[in-house]
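To start, the structure under review is shown below, and the notes come after it.
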Amino acid sequence: MRPTPPGAGEVQIAVKAVALNHIDVWGFRGMAFAKRKLPLVIGAEASGEIVSVGPNVSGFKPGDPVVMYGAMTCGTCKACREGRDNLCENVAGIMGFHIDGFARERLNMPARLVIPVPKGVAMRDAACAPIAFSTVEHMLFDNAKLQPGESILVHAGGSGIGTAAIQLAKSIGCTVYTTVGNDEKAQKALELGADHAINYQTDRFEGRLRKLTRKQGVDVVFEHVGVDTWEGSMFSMKIGGRLVTCGSTTGIKASINLFQLFQRQLRLIGSFGCNMRNIATSLEKLACGKVRPIVDLEIPLEEIDRGLERLENRQVFGKIIVTL
Ligand SMILES: [Zn+2]
């Protein structure tokens, strides 16, 4: 279905590649208390090409490769004006979850939420910038303030954001420990640059990490697993360590030992999404080859449910890309 021509301030985009994320599993299946109108187009992260440009739009022309921001922010609140897009006070929803997403041939989008893709970055790779790389960029550098030479534990090193986190942390010279679900993934995580890969199916990761760090723990824990790993993650931090989390794929309720929290002076940081600047930075890092998306599987749109099933069963190493 073709959308109407783009309105003032909008561009029309032909979607070329959609990268799947865990939020698409929930977007596809539905989630209690999520306010949305059905039917709904899923897909929260994508790349495409400008088809046409509406009135009052500058900086874009037909044929330009672009990626899109994954939430419909207002563009006028204090947070939006300050470039803290993911803290928008009047956000209309997350694309592909609350409102229609990107798994469709064409859509109109406000030009202010569209980011140009630099030369030399393939559409397939660019599709992994708006969420996978940018969420991690925001978590590690804006929120956890990860510094060169620090140590980090990356959970689920084979996941889309796990593969991004390993690379981004290594790119500034950190020591990276990662957890994975089998030995094959451990090997791949090491090849990607991780210094140590811990199979959480055969080892208690927090015990193994304590040994590897000579009982010190790490400076930063990168969390997105949730209840299954939470307690171990709290034990894995150095005194004064930081835990940054952007997800809870195994459940949302965990308990905190308050004594451990204040006595060890730990910092717990919630992170969700990213800002527009993070996306531009991620694309630059892709363009200069500092990082590269690890693609697990590329499938046509008709097979999107197969991709989501694979994602949910944790069979992936890297990203699943749906091409249009
Ligand atoms: Zn706003």
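The values are calculated or read from the model by the stated rules, or taken from the named source; none is laboratory data. Please read all numbers here as calculations on a predicted model, not as lab measurements. Because the Cβ atoms are built from the backbone with ideal geometry, glycine has one as well, and the counts that use them run over all protein chains shown. When the accessible area is computed, the model is the full protein with side chains, heavy atoms only, and any ligands, DNA or RNA have been set aside. Shrake-Rupley method; radii C 1.70, N 1.55, O 1.52, S 1.80 Å.
For this structure, a couple of remarks:
- Between the alpha-carbon centres of the stretch 65-117 and the stretch 184-240 there is a gap of 34 Å.
- Taking all protein chains into account, the per residue accessible area for the chain stands at 47 Å² (1.4 Å probe).
- Packing, taken as the mean count of other beta carbons within 10 Å per residue, orders the peptides 151-160, 204-213, 81-90 from highest to lowest as 151-160, 204-213, 81-90.
- For the stretch 124-263, the spherically averaged projection of the C-alpha convex hull amounts to 8.3 nm².
- Cβ-defined net charge surrounding Ile50, 9 Å radius [Lys, Arg +1; Asp, Glu -1]: -1
- Cβ-Cβ FRET estimate between Arg277 and Thr323, R0 fixed at 41 Å, reported to 0.05: 0.90
- Counting only residues at least eight positions apart within a chain, or on another chain, the lysines with an alpha carbon under 20 Å from that of Lys119 are Lys16, Lys61, Lys285, Lys290.
- Positive-end residue of Ile299, Gly270, Ile321, charge dipole of the stretch 239-324 with Cβ unit charges: Gly270
- Computed from the C-beta positions of Ser255 and Arg106, the FRET efficiency with R₀ = 45 Å rounds to 0.45.
- Counting only protein heavy atoms and a probe of 1.4 Å, the accessible surface of the chain is 52% carbon and sulfur.
- Lys, Arg +1 and Asp, Glu -1 on Cβ, resulting dipole of the chain about Cα centre, debye, nearest 20: 700
- Estimated FRET transfer efficiency when R0 is 30 angstrom, pair Arg204-Met31 (beta carbons, to 0.05): 0.45
- When both the stretch 276-314 and the stretch 251-271 are represented by their alpha-carbon centers, they are found 31 Å apart.
- Neighbourhood net charge (10 Å Cβ-Cβ; Lys/Arg +1, Asp/Glu -1) for Gln216: +3
- Averaging Cα coordinates gives a centre for the stretch 130-183 and one for the stretch 35-55; these two points are 28 Å apart.
- The charge dipole of the stretch 9-148, taken about its Cα centre with unit charges on the Cβ of Lys, Arg, Asp and Glu (plus for the first two, minus for the last two), comes to roughly 200 debye.
- The residue list Phe97, Asn257, Val221 was ranked by how far each Cα lies along the charge dipole of the chain toward its positive end, using unit charges on Cβ atoms, and Asn257 comes out on top.
- Extension gain for Glu184 to Gln265 (0.36 nm times residue separation, less C-alpha to C-alpha distance): 25.5 nm.
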